[in-house]
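The values are calculated or read from the model by the stated rules, or taken from the named source; none is laboratory data. Since the structure is predicted, the reported quantities are computational estimates derived from the model, not experimental observations. Glycine gets a Cβ as well: all are built from the backbone with ideal geometry, and neighbour counts include every protein chain shown.
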């Protein structure tokens with residue numbers, strides 16, 4: 001069976017919040033991180049760092065950042081590297097592009113995940129839990145696992161009303 | 001010839017700043033926008049709007065936003081829809097994910113583009129040029145065309161030092 005085309009995969013990626021208990025291969029996580037680190041970044045500053053969480057650490061993380069669904073085999077915390085950021089606001093864009101590449105690589109592998117926010121009120125406890133140094137800011141977290149079921153909402157997001165030609 | 005896999009495309013996308021004069025098919029632009037609008041967004045708010053620029057308008061845009069390379073056949077201005085944004089900072093993340101999907105769809109089609117920032121000091125003139133209404137904030141611009149040459153820097157961005165396992 002041919003892998004679906006990238007254009008198809010870009011359209012069919014959906015948030016996955018419920019997972020099977022099957023483990024995720026370590027090579028898959030490495031491939032996903034390779035995709036993340038080939039995202040574009042402002043002035044090529046690459047202001048991202050990644051913490052891969054599993055087992056007890058993943059459970060403890062989810063107990064703090066309660067908007068992250070539980071039950072994934074593994075997860076990737078994307079952090080802004082503020083020491084690498086060349087102008088205020090760039091790291092958020094770099095880390096957003098990296099997070100989107102993670103979600104797409106996850107989907108291409110038949111895995112599922114969802115972009116969850118790390119709320120600022122949780123950041124200090126997360127930094128303490130994971131011994132994250134000064135200047136590194138937790139940004140997003142993607143739990144990753146085999147989807148428990150096909151996402152219910154496959155509605156295409158395309159909306160012609162949001163396209164304007166040369167003038168509004 | 002098989003299309004390269006998504007994982008391959010995620011790794012090989014590079015910024016393209018020089019373009020052939022060949023036109024870009026309108027259906028390609030529609031497919032690229034469909035990919036953009038299937039990006040994830042915070043609480044599914046989809047706080048994005050798009051202005052497709054070509055011809056004179058594209059030239060005038062590039063004369064204002066001088067960090068955008070000239071010579072592309074067409075381009076997409078991604079705007080934050082602040083009326084749709086549910087919490088401050090979400091629209092930047094939504095529009096970053098949409099911009100990244102644009103770049104990947106562009107690459108999948110054998111086209112080239114680059115994520116250029118719309119600097120805030122240019123925003124008012126751009127809003128005036130394109131008659132962009134209140135509450136809509138120009139965010140990024142991707143010029144799109146057939147690449148004049150293969151990007152010089154194909155260095156893989158993977159960096160093992162940026163990966164941490166369960167603790168820093």
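Would you mind telling me which numbered condition in (1) surrounded by 21 or more Cβ atoms within 10 Å (Cβ to Cβ); (2) closer than 17 Å to residue B:161 by Cβ; (3) more than 8 Å from chain B (Cβ to nearest Cβ) residue A:84 fails?
Here residue A:84 clears every test but (1).
Any idea which of (1) more than 10 Å from every other protein chain (Cβ to nearest Cβ); (2) closer than 30 Å to residue A:23 by Cβ; (3) in contact with a strand residue (DSSP E or B) (Cβ under 8 Å, 6 or more places away or on another chain) is the one residue A:130 doesn't satisfy?
(1)
What are the residues in segment A:12-39 that are more than 13 Å from residue B:156 (Cα to Cα), in contact (Cβ under 8 Å) with a residue 60 or more places away in the chain and outside any loop (DSSP other than H, G, I, E, B), if any?
A:12, A:19, A:28, A:29, A:32
Which residues, taken from segment B:43-68, are within 13 Å of the chain's Cα centre (by Cα) and farther than 19 Å from residue A:95 by Cβ?
B:49, B:50, B:51, B:52, B:53, B:68
Can you tell me which residue is farthest from residue A:138 (Cα to Cα) among those in segment B:134-164 that are within 7 Å of another protein chain (Cβ to nearest Cβ) and in contact with a helix residue (DSSP H, G or I) (Cβ under 9 Å, 6 or more places away or on another chain)?
It comes out as B:156.
So residue B:55 ticks every box in (1) more than 10 Å from chain A (Cβ to nearest Cβ); (2) free of Cβ contacts under 8 Å to residues at least 12 places away in the same chain but one. Which box is left unticked?
Going through the list (1) more than 10 Å from chain A (Cβ to nearest Cβ); (2) free of Cβ contacts under 8 Å to residues at least 12 places away in the same chain, residue B:55 breaks only (1).
Quick one: which residue in B:23, B:69, B:40 is closer than 16 Å to residue B:117 by Cβ and surrounded by fewer than 24 Cβ atoms within 10 Å (Cβ to Cβ)?
That would be B:69, the only listed residue that is closer than 16 Å to residue B:117 by Cβ and surrounded by fewer than 24 Cβ atoms within 10 Å (Cβ to Cβ).
If you take the residues of segment A:12-25 that are within 10 Å of chain B (Cβ to nearest Cβ) and out of contact with any helix residue (DSSP H, G or I) (no Cβ under 6 Å at 6 or more places or on another chain), which of them is nearest to residue B:13 (Cα to Cα)?
A:12
Can you confirm whether residue A:119 is more than 24 Å from residue A:22 (Cβ to Cβ), more than 7 Å from chain B (Cβ to nearest Cβ) and at pLDDT below 95?
Criteria met by residue A:119.
Would you point out which residue out of A:95, A:79 is over 22 Å from residue B:6 (Cα atoms), touching a strand residue (DSSP E or B) at 6+ places or on another chain (Cβ under 8 Å), within 10 Å of chain B (Cβ to nearest Cβ) and at pLDDT 95 or above?
On inspection, the qualifying residue turns out to be A:79.
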